[in-house]
Structure formats: structure tokens, C-alpha cells
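Reviewing the structure listed below.
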Amino acid sequence: MLLELHVKNLALIEQADVEFGDGLNILTGETGAGKSVIIGSVSLALGQKAPKDIIRSGADYAYVELIFSVEEERRRELGELEVFPDGDGLLIVTRKIMPTRSISKINDETVTVARLRQVTGLLMDIHGQHEHQSLLHISKHLEILDIFAKSRTELKKAEIGEAYRQYKALQAALEESEGDEESRRREADFLRFEIREIEDAGLKEGEEEELTEAYRRFTGSQRILENLSAAYQMVESDRVGQAIHQVNEVSAYDGQIKGILDQLYDAEAILSDVHHEIGAYLDNLVFDEEAMEQARQRLDQIHGLQAKYGNTLERIGEALEEKKSRLAKLENFDEYQKKNKAEYEQLTAKLEKLCGQLSKERQAAARELAGQVKKNLVELNFLDVEFAMEFRRLKHFTAQGYDEAEFVISTNPGEPKRSLGTVASGGELSRIMLAIKTVLAESDEIPTLIFDEIDTGISGRTAQKVSEQLAVISGSHQVICITHLPQIAAMADCHFEIAKSAGKGRTTTRIHKLDDKEMVEELARLLGGAQITDAVRQNAREMKALAGEKRGGWNKNKKMTV
């Protein structure tokens with residue numbers, strides 16, 4: 001379940017901290033106070049795209065943090081995704097939104113949005129304000145059925161998906177038979193050229209590295225030869241000998257000059273040794289210009305093949321095998337197509353069988369789903385409702401089978417069942433989606449369900465029925481719900497008021513958990529509007545007490561007992 005929500009610098013919210021409880025958590029407030037911003041912040045933390053203007057004016061970033069308490073069953077499922085709550089079963093999800101990017105983390109590990117959605121999808125399901133409109137799209141209906149029947153159909157769908165991939169590949173190969181024979185001949189000629197080019201090259205493992213090292217040595221040898229030859233000429237000069245002759249002639253005039261003469265003799269000896277050493281090195285230096293050119297040409301050939309077929313010997317080898325395989329197909333095209341046709345027919349028969357099996361499983365599951373949804377619809381004040389799912393076969397296979405399925409409904413006795421879009425109003429669609437969500441929540445066991453204004457288009461007795469359905473769901477799930485209706489708000493285990501205030505030239509949204517007395521006062525506001533009289537307050541107390549009796553959590557002294 002969701003324990004805490006922390007929001008900072010998001011739209012009108014400067015900072016908000018909410019500690020949610022078990023059961024039914026209700027959020028109420030005046031229109032425009034920021035109720036949807038609270039739910040929107042949760043959606044953002046779960047990976048929803050962030051609007052450009054979501055960061056509070058004057059702030060550098062917006063920040064949302066969710067703290068979940070994860071039960072043992074969910075821990076095993078998260079472990080399969082390599083996500084591990086701490087020792088207390090806590091999982092922390094954060095998202096920091098900046099003007100140019102956002103950063104999402106799970107337990108301080110940065111994750112992609114796709115991974116974030118994958119993980120949090122096990123923990124929470126959000127029913128948005130307009131999600132019921134998706135029921136108008138028939139493709140959504142099969143998706144709902146497959147979620148419901150996941151345990152029975154998942155393996156079969158995976159098998160169909162793999163068979164369908166092979167089926168489409170063979171279908172594409174068979175379409176080649178419609179191609180031009182001349183174009184196939186040209187392709188075969190070019191493939192032979194490429195195969196010959198690779199095979200004639202005779203590439204060897206490690207050859208490029210060896211040639212590169214050899215070429216580096218060749219290049220260095222040429223430079224050594226040039227520079228040492230120049231140095232050899234320079235140290236061969238007799239200028240030092242001439243200097244000795246000049247100094248020797250005057251050494252008798254001053255004893256100190258004798259020291260200079262000795263140094264010149266030492267220099268002559270050193271240069272003679274250096275000259276000898278350079279000469280010996282040059283005599284032993286081998287520089288094969290032809291070998292260097294051969295190495296360069298071979299390297300150019302290798303690099304050219306790498307540019308065309310792959311940057312490693314392994315990749316070039318793979319390219320060679322692919323080209324040989326393709327050439328074999330082109331050279332034996334008729335035989336190849338005959339084989340493909342046989343395999344295609346076998347796969348068609350296999351898909352027909354698998355899709356038939358899947359369709360049978362789906363139709364059985366659809367009867368169960370429709371029965372459970374109908375039961376929930378009756379609880380939601382659809383008194384004479386008939387609900388079912390109709391199947392039609394597509395003219396082609398898909399990776400999901402060949403079914404097209406659609407929910408149909410009749411809300412009046414004697415009337416035939418029709419498409420939801422032709423029968424149900426906006427408020428009815430909202431209740432139908434609530435009924436479906438209830439069934440899916442029970443089958444998928446998602447711990448936390450969020451309903452953003454599930455009360456759209458309903459009132460009176462229907463609102464009471466919706467509140468009772470939410471109370472039933474909250475018996476086994478944590479439910480967080482935004483509402484305008486007192487009938488729904490009265491069922492709250494935890495009730496939060498969202499209010500907007502202005503000060504210092506800024507508008508701020510705050511959220512406050514209500515105590516028992518404040519709950520009644522908020523119900524009175526929802527009942528009475530602008531003017532709250534004692535009679536309205538008494539009505540609110542009675543409504544809360546009646547809701548408590550239904551739930552067993554509100555006694556005669558108006559104190560929570562759960």
C-alpha cells in the first residue's frame with residue numbers, strides 16, 4: 001500500500017506531505033483547489049509525461065516521492081524484476097522534474113520511465129477522470145479480458161506470438177516470388193563478388209594487430225635511419241680536432257689552458273665513441289621499404305573489408321555466412337519457395353489451432369468476467385442490466401490471436417444488448433469501468449487503487465451505490481478517491497481536505513487530514529454548499545453514522561473503531 005506522498009514545487013503546491021491509511025482514503029475540496037494535482041503528482045511519480053508548466057513558478061525543479069509498504073507476495077514479484085524493498089518492506093519511488101529533463105529513482109537507483117512503470121504497475125492502478133471513455137474503443141475490451149484471464153492465456157499467447165513472428169517472416173519470403181527474376185540475378189552476381197572478396201582476402205585472427213605493430217616498427221625504422229644518418233655525419237666533423245690544434249699551440253703560454261686542452265681531448269674521445277656506436281647501429285638496422293608497403297596495403301584491405309562488412313573478424317565471418325545463405329536461396333529459388341510454402345501452410349494450420357484454443361479460453365473467461373461485472377453493476381444501481389462479451393473473428397491472424405471482442409450491454413428489460421457507446425451515458429460508462437476495475441483488482445490483487453472523480457455524472461441513490469462498492473473494494477485494497485459527493489465521502493476511513501489559499505502574492509494548495517469533527521464539517525459543506533446550518537450538520541452526522549454502520553467502523557458516539 002501507499003504509506004506516504006511527498007510533493008514539492010508542483011503547480012500550486014509549494015510543499016505537501018500526506019500519510020495515507022488502510023481502506024478508503026477520500027480527498028475532497030472546492031473546485032480548483034488542486035485535488036487533481038495531488039493525484040497528478042502520483043501519476044508523475046509513476047512515469048506519466050510531465051507538462052512543461054508543472055514546476056511551480058519561481059522554483060528550479062518539482063519533486064515527488066512515494067513510499068510503499070510491500071507485502072511478501074509482491075516482494076517475490078518485485079524480486080523477479082530485481083527490485084528489492086528494504087528489511088521493513090519499504091520501497092521508495094522518486095521523480096525530480098527539471099525544465100529540460102527528469103530523473104526517476106527506485107530506492108535511490110536511477111531507472112528508466114519504462115522500468116518505473118513496469119515496477120509500479122505491480123503496486124498501484126490509477127483510474128483517471130476520463131479513463132471510462134476508453135471503453136468506447138473496442139480494442140480496449142480485449143485488453144481488459146486478457147488481463148482478467150492472464151493466468152489462463154499468458155502461455156498460449158506467448159506461443160502464438162512466436163508462431164506469428166515465424167509466419168510473418170515466411171509470408172515476407174513468399175512475397176519475393178513476385179519480384180523480378182532479373183533483379184534476383186543481379187543480386188546473386190553481386191553476392192558472389194562480395195563472397196569472393198571476403199574469401200580471397202584470407203583474413204586471420206589477430207592479423208590486423210600484428211600488421212599494425214609491424215607497420216609502426218617500419219615507420220619508426222625509417223625515421224631512425226634518417227635521423228641517425230644525419231647525426232652520424234655531424235659527429236664525424238673534424239672541427240674538434242681543429243680546436244685541439246689551436247688550443248695546443250697556445251697552451252705553453254698559460255698553465256690554465258692545459259685544463260681546456262684536456263677537456264677537448266675528452267670531447268674528441270666521446271664523439272669518436274658516439275660516431276662508432278651510431279655506425280654500428282646503422283650497420284645492424286634493417287629497413288625493408290617493400291615489406292612496409294606490403295603491410296600498409298594489407299592493412300588498407302582489412303580496413304576496407306571492415307568498413308563494408310563489420311568491424312571485427314567475427315562480424316565479417318557472420319556477414320559471409322549470411323551472404324552465402326542468401327546466395328543459396330537465390331540459386332535454388334524455386335526449391336526454396338516450395339519449402340517456404342510448405343512451412344507456411346504448416347504454420348497457418350498451427351496458428352489456426354492455437355488461435356482457436358486461445359479463443360475458446362477467452363470465451364470461457366469472458367463469460368466469467370461478464371458475470372462478475374454484471375454482479376457489480378447491479379450493486380452500482382443497474383437494476384435490470386444484462387452484460388456480455390461478443391466475439392468476432394478477424395480476417396487475419398495477429399500476434400494476439402484472431403479474436404475481436406466487444407462488451408455489450410442492455411440496461412432495460414426486453415432491449416437487446418448493444419455496444420457501450422450506443423447505450424451508456426458518461427455516468428454509466430464511469431460505473432461500468434468501476435465495475436470492471438473492481439473485478440480486475442480482485443483477480444490481479446493490485447494493492448492500491450486510485451479513482452480520480454469516479455462520481456462523474458452520478459448522484460442520489462446511484463452515488464450511494466458507488467460509495468458502497470468503493471467500501472467493498474477497500475475491504476481488501478487500499479483505495480484513494482477524489483470525490484465531490486457526500487455519499488462517497490461519508491464512507492471514508494481517512495478523509496483529507498484540499499484547500500487553496502493566497503498570501504504574499506502567491507497561491508498555494510495545502511492538504512489536511514481531518515479528524516472526526518472535521519469530517520462531519522466537510523460533509524456538511526458538501527451537503528449544504530455556501531451556507532451550513534445546524535440542520536445540515538446534523539444531516540452530515542447522520543450520514544457519517546449510517547456509513548459507519550454499513551462498514552462497522554463508526555459507532556453511536558461517532559468515533560472510529562477500526
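The values are calculated or read from the model by the stated rules, or taken from the named source; none is laboratory data. The model shown is predicted, which means the values in this text are computed figures rather than measured ones. Neighbour counts run over all protein chains shown; Cβ positions are idealised from the backbone, glycine included. These area figures cover heavy atoms from the full protein model, side chains too; ligands, DNA and RNA do not enter into them. Shrake-Rupley method; radii C 1.70, N 1.55, O 1.52, S 1.80 Å.
Worth a mention:
- Enumeration of residues in the range 502-551 that are open to solvent by 60 Å² or more (accessible area, probe 1.4 Å), outside any helix (DSSP H, G or I) and out of contact with any Phe, Trp or Tyr (no Cβ under 9 Å at 6 or more places or on another chain): Ala502, Lys504, Gly505, Arg506, Arg510, Asp515, Ala530, Gln531
- In the range 60-67, the count of residues that are under 22 Å from His127 (Cα atoms) and in contact with a His (Cβ under 6 Å, 6 or more places away or on another chain) is one or more.
- Count of the range 282-302 residues which are surrounded by 12 or more Cβ atoms within 10 Å (Cβ to Cβ) and under 44 Å from the mean Cα position of the chain (by Cα): 3
- Restricting attention to the range 507-562 and to residues that are of a type in the set (S, T, N, Q) and at pLDDT 85 or above, the residue that is nearest to Ala489 (Cα to Cα) turns out to be Asn539.
- Residue match in the range 13-23 (condition: modelled with pLDDT under 90, under 24 Å from the mean Cα position of the chain (by Cα) and of a type outside the set (Ser, Thr, Tyr)): no
- Each residue in the range 216-239 was checked for being without any contact (Cβ under 8 Å) to a residue 24 or more places away in the chain and either in contact with a helix residue (DSSP H, G or I) (Cβ under 7 Å, 6 or more places away or on another chain) or aliphatic (A, V, I, L, M) (or both), and 2 pass.
- Close pairs from the range 454-474: first under 15 Å from Leu383 (Cβ atoms), partner not in a loop (DSSP other than H, G, I, E, B), Cβ under 6 Å, at least 6 apart: Ile458/Gly427; Gln464/Gln487; Gln469/Glu379
- Of all residues making up the range 364-388, the number that are open to solvent by less than 30 Å² (accessible area, probe 1.4 Å) and more than 32 Å from the chain's Cα centre (by Cα): 8
- Meets criteria (over 35 Å from the mean Cα position of the chain (by Cα), closer than 30 Å to Leu170 by Cβ and open to solvent by 70 Å² or more (accessible area, probe 1.4 Å)) for Lys339: yes
- Scope the range 55-68; condition outside any strand (DSSP E or B) and surrounded by fewer than 18 Cβ atoms within 10 Å (Cβ to Cβ); matching residues: Ser57, Gly58, Ala59, Asp60, Tyr61
- A search for C-beta distances below 9 Å between a residue of the range 69-87 that is farther than 19 Å from Glu4 by Cα and any residue that is of a type in the set (Phe, Trp, Tyr), counting only pairs 6+ apart in sequence or on different chains, returns Leu78/Phe84.
- Residue within the range 58-78 that is at pLDDT 85 or above, of a type outside the set (A, V, I, L, M) and under 19 Å from Lys500 (Cα atoms) present: yes
- Taking the range 459-469 as the range and being among the hydrophobic types (A, V, I, L, M, F, W, C) and surrounded by fewer than 24 Cβ atoms within 10 Å (Cβ to Cβ) as the test, only Ala463 passes.
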